[in-house]
Amino acid sequence: MTNAPAPRTAALIVAAGRGLRAGTALPKQYAPVAGQPMLAHAYRAFAEHPGIDTVLVMVAEGQQAMARDAVGADARIGVGGVLRLDTVRIGLDLLGSETTRVLVHDAARPFVPAGVIDRVLAALDEADGAVPTLAVVDTLNREDGTLVPRAGLHRVQTPQGFRIAVLARAHAAWPAGEDASDDAQMVRALGGRVELVQGDAMLEKVTYPEDFAAAEARIRWETRSASGFDVHRLEAGEELWLGGVLIPHDRGLSGHSDADVVLHALTDALLGTIAAGDIGTHFPPSDPQWRGAASDQFLAHAATLIADKGGRIDFVDLTILCEAPKIGPHRAAMIARIAEILTIDPARVSVKATTTERLGFTGREEGIATQAIATVSLPEMPR
């Protein structure tokens, strides 16, 4: 007896709309929420979920470049149709026969809790489809004044999950020229069984300008701090770079790059906040392309990695340990340069200096050391 192959599950993100009601210069799926395009948040939620094997993003013609900028150059991108149902149908064709289950999601719902994905996938073990919903708690009123009993009413959300063969048949059987804004209604029209699972307030749709502020307010931020430490030897004939500033001195720091001990320590601290290894992981000293390289690119790389996760740098604090040169005359320039590299306000950068009272290698003026602490905030998505 052979085991049945595990179902292959795809996420199909519908992002082909124009988003005119949002009042933004860009289509709303590319407008920033918490520092990143809405589409990027949704894409990451599915790409990082262990139950999702592949993610396909469906965009409007001409939006391919914007989509890749938002979610990455290697992402699967397809071009949708005029109506939402056209876009979904094209996406199903692109996913092909190797996909057995599909979760269809609207990009206008940027924050997708992993728990909702779990519940939708679990329901597909028995049902043809599964839809996250929230119970209606407000009294509803028709224009003629008639009240609608709210008992049994639910607000429909996405991602909606389906056995892909059933959803494909539903699209094929749907009357030509008739629109449908919800895939579950199409499956039900075919006689399919669609289960309701618990939705989440994080999945509220962003439609109007005021919805962006509400989406930002739903984010829970996690604060992380990490430290970095670096040492380089002082040698004659080398330039002395500290904090991205060239400082006149009789000796400079020796290293594979420009040996900026301040930026190196800060780079390690920032990488630590996202558990991304250390500077040598990203810029190996064995790689000749980094010989003599300016360390500002190392620090900028770490800042970019944090931004890619939707994070923000709140504060950085550095202590330089050396007997000479005097740091005080150069402190303001260092602060300005570090803030420029990290694209943060100089008020979020602290640079201090101390001696070791002529003790140790720094006291003997054999080298310079720096310790750094970085504090960042990262969006914490509910499970």
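Brief remarks follow.
- Loop-resident trypsin sites (Lys or Arg not before Pro) (DSSP state other than H, G, I, E or B) in the stretch 79-168 with no more than 12 further Cβ atoms inside 10 Å of their Cβ: Arg142.
- If the chain linking Val82 and Ala135 were pulled fully straight, counting 0.36 nm for each residue of separation and taking away their Cα-Cα distance, it would gain 15.9 nm.
- Counting only DSSP beta bridges with both residues in the chain, the antiparallel share comes to about 60 percent.
- For the chain, modelled as a GNM whose springs connect Cα atoms under 10 angstrom apart, the maximal fluctuation among Asp287, Asp53, Asp308 occurs at Asp287.
- Label-point separation in nm, His301 to Ala73, each point 7 Å along Cα→Cβ: 1.5 nm
- Gain upon complete extension [Leu26, Leu153; 0.36 nm per residue less C-alpha separation]: 42.3 nm
- Here the chain is treated as a sphere whose radius is the Kirkwood value from Cα pairs; by Stokes-Einstein at 25 °C and 0.890 mPa s it diffuses with a coefficient of 102 µm²/s.
- Based on Cα atoms of the stretch 121-185, Rg over Rh with Rh as the Kirkwood radius reads 1.08.
- Ratio of the Cα radius of gyration of the stretch 1-156 to 2.2 N^0.38 Å, where N counts its residues: 1.18
- Folded to 0 to 90 degrees: helix 331-342 orientation relative to the chain principal axis, Cα: 30 degrees
- Residue exposure sequence - Ser350, Ser286 - by fewest surrounding Cβ within 10 Å: Ser286, Ser350
- In the stretch 9-218, the DSSP beta bridges split such that about 40 percent are antiparallel, to the nearest 5.
- The rule of thumb for compact globular proteins, 2.2 N^0.38 Å, goes into the C-alpha radius of gyration of the stretch 337-380 1.63 times.
- Stokes-Einstein diffusion for the stretch 220-380, with the hydrodynamic radius set to the Kirkwood value over Cα pairs and evaluated at 25 °C in a medium of 0.890 mPa s, equals 156 µm²/s.
- Extension reserve of the Glu48-Lys326 stretch, reckoned as 0.36 nm per residue once the Cα distance is removed: 95.3 nm
- According to the Kirkwood relation over distinct C-alpha pairs, the hydrodynamic radius of the stretch 97-149 is 14.2 Å.
- Part-to-part distance (alpha-carbon centres) for the stretch 327-364 and the stretch 43-109, which is given in Å: 46 Å
- C-alpha long axis of helix 209-218 to longest principal axis of the chain, angle in °: 70 degrees
- Gaussian network model of the chain, springs between alpha carbon atoms under 10 Å - residue of Leu153, Leu270, Leu190 with greatest fluctuation: Leu153
- Order of Tyr30, Tyr208 under a 10 Å beta carbon neighbour criterion, fewest first: Tyr208, Tyr30
- Cα-based helix-to-principal-axis angle, 164-173 vs the chain, degrees rounded to 10: 50 degrees
- Choice from Val136, Val57, Val71 with maximal GNM fluctuation in the chain (Cα, 10 Å cutoff): Val136
- With a Förster radius of 30 Å applied to the C-beta separation of Leu246 and His282, the computed FRET efficiency comes to 0.80.
Bear in mind that the values in this text are calculations on the coordinates, not laboratory data. Quick caveat: nothing in here was measured; it's all calculated off a predicted structure. Note that each Cβ is placed from the backbone with ideal geometry, even for glycine, and that neighbours are counted across all protein chains shown.
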